[in-house]
Amino acid sequence: MNDNTVSTFELGDALAIRCGNTLTGVFVPGSKIALSAYRHVKWNSRDAPTETAGQDPVLIYLAQETTLFEEPVLRSLLAESNVTFATLQELGQKASRAEYLGVSHAYRSLVRACLERLDHAKKTPEVQSDEDRLQRITETIIVFYAAECLWHLFEILYMQQNQHVVPQLLDWARFYAPQIEDRATDFLLMAEGASENDDYWDVLKSLVMVGALDVTRAILVQNRKASQPAFKAAELILTSMPVYQEGFPLKKFHSQWEHWHVDAERKIRANTFGSEPELEELLQLVTGNNEKWDAGIQESSEWYEFLPGYLLYTKPTCKPFELKIAAANWLNRWTLLHPDRQLNNMDRMISQLMEHDLRLFIYDTQKINDTHWLTTHLIDLIYHCGELKSYFEQNNIDLPALRHSMIYEYGSYLMSTRSLWQLGVDYLDCCKQEGKAAMELLLPRIPLRSDRHALKLMSVARQRGLVDVEQEICKVLSRQSFDDRRYGSALEWAIRSKDVLLVTGIADFILMNYSKTGNMLCPDVIVSIGSRMFISPRLVFLSKYFEFYKLYRNRDFLSAVELLVNLLDSKITPDYFWPSLLIDTVPLLESNDPKIFSKETVAILHHLETELVPIIERNTDKLGNKNAESVLKDYRVENVDEILNIMRLACARNLARALVIEHTHSI
Amino acid sequence: MSFPKVSSHFVSEKISAVRWLPEQLHQSDRFVTGSWDMDHNFVRLYRLQSNQYADTSVDYIPRCNDKVAMEADVTAMEFVDKNTLAVSCADGHISLMNVQRAVEEDQLQRTARSERLHYFRYSNKSAPCTGLSVYGGDIATVGEDGCVNIMNASNVKQVKRTIEADSMSLLSVCYISQQQLVTANRMGIIRVLDARAATGAQPKLSIGVASEDEKSSNFVSALSTHPMQQHILLCGTEEGSITVWDLRNLECPASYLSAHDSPITDIGFHRKDPSKVFTAAEAGEVWMWTENKLIGERNLQDGSSAWLSGDRVRSLISVDGVLTKIRKSINSFDTNGSRLLCGSDTEAVYLIDNIF
């Protein structure tokens, strides 16, 4: 998380070393960089193969940003925040503040639940034995703990819109410093014996400094010496401290508070607690004694730890805009007392929030290693609730554009990460045209696991009108099935893809295969194509021919003849299939009882002369006599030329027969 | 009548199948889930525990008791008997799991794994096993290679029969009786098969599912038969409609209902109360279809059903949304008593109490 640390890559394979250990990188989709060895070529380099060409394999490395989301436990965070995100989109920009606060709470509570789960996972033996994972989980806990802490503070300062922030800040600070409270609980359980602990007074001081007065009092009451006058006086001071309630007249409160303050200081000066120096110190903290607080500050590990407590004793009615100055002063004071301590990112971001410097805050949150989870969701929330609109306008920040780009980046990340694609869809849906375009690019890149998976992807694409994506997926699957000799599957995918050329290609393949071998591939698919056949004339032909094929097999010759003649007349017969189609007529023409009328016989003869003969001639012209049959082939004859005569004779015989019968009947 | 109570529980896995553990005497509080599209897929055994945080409206929280790592996506699960679970996987195998109920931690163990049941003949690559159906001790599986495999749960290593039923992916299978099966493919063709006959001797019984637009493809992704009247077959399709067939009369569908706007992912009668049918859809909806009372009673006697009443079916059956606006596919559901359990791509399971 340091600006100065830039990742460096080194390949170190044989080829790279030979080239002087240089490398080149190309961005590939999915936020990856493809790295490979590189040799510099200049305008004056010789255009010749290098002396080492072919000696070493060219290796390509893929560098990818590491992300915390590889941790399985974190998936629930992604999935749940996705649901909350969608809820927020539905709320739109017109909902009440309470509803936006609800959304903010939902986000925070799911981070907290996830932290709890991570903590639980960390303790399991499975993780304990896996060092990498343990490390990753520890890191994750730190990152999301910080994210939640920042979000909470943001919520207090910018969303709740309370006039007086001290009580909430106290809660906030206490929540993120649980160690003190844990110790306090121990003391409460130990009752009288607690004061014998070495850290008794230190813990009490810390408790006072985080503003947990109730707990401090409860512990003090249990002290063995609680009945002594010093303790009684202390108890009185602590209980009589006025606490500001929202709505109470401010002036009245101030005068009460002043009075209490003066009274308390007077008591301390009067040496009421002389016999109990430790107790006196506590009360000096409560009255805001600078010396004692400075001592306390030196003990503290985070600058913001005791700020809310200090405000409680010195400025209990602090308003958000006053906090800005108070926080700045406090931070100065703290850094003066911790000269050797560098402020880390978290420290900076908290001060940015308190000092109302959202611009820098947003800039810094993007450096958190959470793949922009926090920034994306927080900015989206800011955008929707609209409280800070004027701030962003004054600072020349185009909030909608910022939100748009954050969501776009986050959505693309999810979409290009295996198995998170479904979550990414919702984010990209918010990005209008760009989102759609990104989906169009990213959806087809998702590796397909099964048909169901593919159908799911297609359903997503279809809902968004991404016709090209749907078709591309179908085409890929069709091709795969075809290569795998699953022709039925290939044909069905092709029909789904609505790609006429592809469908025609596969139909051609099936027809050619039939004319070569007499084997009809995937009859169960062809028979059930139904009205889907109209996508391609070739498919219509295939379906109709198959219908004929079935009728013929079922010995329903009259219907078969009718269909066959229709097919001959249809003008959709592919050239290569003419021989097969005409050969099919031979047995019908030559059968013992006549099946074809004279008119149809003439038509067959006509087709023979006008279609098949020219085709054969053309082929012979083009390829020479010997190769003719290589294009026109039927499994039933060896040489296509031979059938011409057989067919002509068969037609003539049937014509004669049919004419006689037809005319006999008519007379 | 109390209102249904919906609670969602995020499990960090895309769930492809859910099943309640069968219980004889009481409502089940254990269930199994199978995941898909994850780096590592698991079958997990959950148990409902009463919620200790009193401040929420959630009564039960599922807790994972045990898990078994699978080689690939889990595609379907079905209980063969009280303790034995059959799981089909996208690597073309099925596995049998044994569930051991215990007071503290229940256990789940894989007891058998079949040979590779489904593969593409030419490339010899594994084909995903897409569905399974159980009848008695028999298990039938279908896969993307278009084959149906039948074996007995007592020995899944030995396949009793392989039927090359289709030349494209089969998406769903369902037993009608001990001998008869129905399968559905990606084109919406439903075939009736004989479990005893070899490929060549299969009855040529196939029906095409009804569709709004005849020119577009419309796969059948879910099949279910009536638990008592097994001639009633419900088919859920890609366009979101339900086609009902009376298997005694295959000439035309008995009823056709347009329902969801997205592909139906799962369809089924309530296990104990066949007057209720549930459908789940890709867009994240679960609907409950209820036969209107009066007519239901009359129909039980004459052996027909409101589902078979053609155009009148809409007036005889009312429909309620059980889950809506989930926005991602509900892949599977199961009923047990008054509880409905749904598994979804949102990486959550939804538990609905008091469905009726």
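This ranking places A:S129, A:S478 by how few other beta-carbon atoms lie within 10 Å of each, fewest first, which gives A:S129, A:S478. The amide H of B:G268, built 1.01 Å from its N in the peptide plane, has B:F278 as neighbours under 5 Å, considering only residues 5 or more places off or on other chains. Taking the alpha-carbon distance from B:K325 and a cut-off under 28 Å, which lysines remain once sequence neighbours fewer than 8 residues away in the same chain are dropped? Cα-Cα hits under 28 Å: A:K94, A:K432, A:K436, A:K456, B:K5, B:K14, B:K272, B:K276. Taking a ≥ b ≥ c as the square roots of the eigenvalues of the Cα gyration tensor of chain B, is the shape rounded (a/c under 1.5), prolate (a/b larger than b/c) or oblate? Taking the square roots of the gyration eigenvalues as a ≥ b ≥ c, chain B is oblate. The Cα trace of segment A:246-340 gives Rg and Dmax of 14.9, 44 Å, the first to one decimal, the second as a whole number.
Taking amide hydrogens as placed 1.01 Å from N in the peptide plane, the amide H of B:Y135 sits under 5 Å from those of B:A140, each at least 5 positions away in sequence or on another chain.
By the count of neighbouring beta-carbon atoms within 10 Å, fewest first, A:M533, A:M520 end up ordered A:M520, A:M533. The orientation-averaged projection of the convex hull spanning the C-alpha atoms of the protein assembly as shown amounts to 60.4 square nanometres. Summing charges over all other residues whose Cβ lies under 12 Å from the Cβ of B:S206, with Lys and Arg as +1 and Asp and Glu as -1, gives 0.
Using the alpha carbons alone, the radius of gyration of segment A:507-657 stands to its Kirkwood radius in an Rg to Rh ratio of 0.95. Placing +1 on each Lys and Arg Cβ and -1 on each Asp and Glu Cβ, with no other charges, gives the protein assembly as shown a dipole about its Cα centre of roughly 1960 debye.
Take each residue in A:421-431, count the other chain C-beta atoms within 10 Å of its C-beta, and the mean is 2.
Within segment B:34-195, the percentage of alpha carbon pairs spaced more than 20 angstrom apart rounds to 53%. The residue list B:A86, B:S211, A:M349 was ranked by how far each Cα lies along the charge dipole of the protein assembly as shown toward its positive end, using unit charges on Cβ atoms, and B:S211 comes out on top.
Helix A:451-463 and the longest principal axis of the C-alpha atoms of chain A enclose an angle of approximately 80°.
Between helix A:578-590 and chain A there is an angle of about 50 degrees, using the helix long axis and the longest principal axis of the Cα atoms.
Based on Cα atoms of segment B:82-128, Rg over Rh with Rh as the Kirkwood radius reads 1.19. Put simply, when A:159-166, A:540-547, A:266-273 are sorted by average Cβ atoms within 10 angstrom per residue, most first, you get A:540-547, A:159-166, A:266-273. The packing ranking of peptides B:309-319, A:584-594, B:275-285, highest mean first, is B:275-285, A:584-594, B:309-319, where packing means the average number of other beta carbon atoms within 10 angstrom of each residue. Highest mean packing comes first when the peptides A:89-96, B:233-240, A:115-122 are listed by Cβ atoms within 10 Å, giving B:233-240, A:115-122, A:89-96. Helix A:277-286 and the longest principal axis of the C-alpha atoms of chain A enclose an angle of approximately 60°. Neighbours of A:Y545 by Cβ distance under 13 Å: Lys/Arg scored +1, Asp/Glu scored -1, total +1.
Going from the fewest other Cβ atoms within 10 Å to the most, the residues B:S12, A:S390 appear in the order A:S390, B:S12.
Using only Cα positions of segment B:209-356, each an equal point scatterer, no hydration layer, compute I(q)/I(0) via Debye at q = 0.13, 0.15, 0.17 Å⁻¹ and quote the log10 values to two decimals. So the normalised log intensities are -0.54, -0.73, -0.93. Distance from the alpha carbon centroid of segment A:432-489 to that of segment B:135-183 works out to 29 angstrom.
Just so you know, all these numbers are worked out from the coordinates, no wet-lab data involved. Fair warning: this is a prediction, and the values are worked out from it, not measured in the lab. Neighbour counts are summed over all protein chains in view; Cβ atoms, including those assigned to glycine, are modelled from backbone coordinates with ideal geometry.
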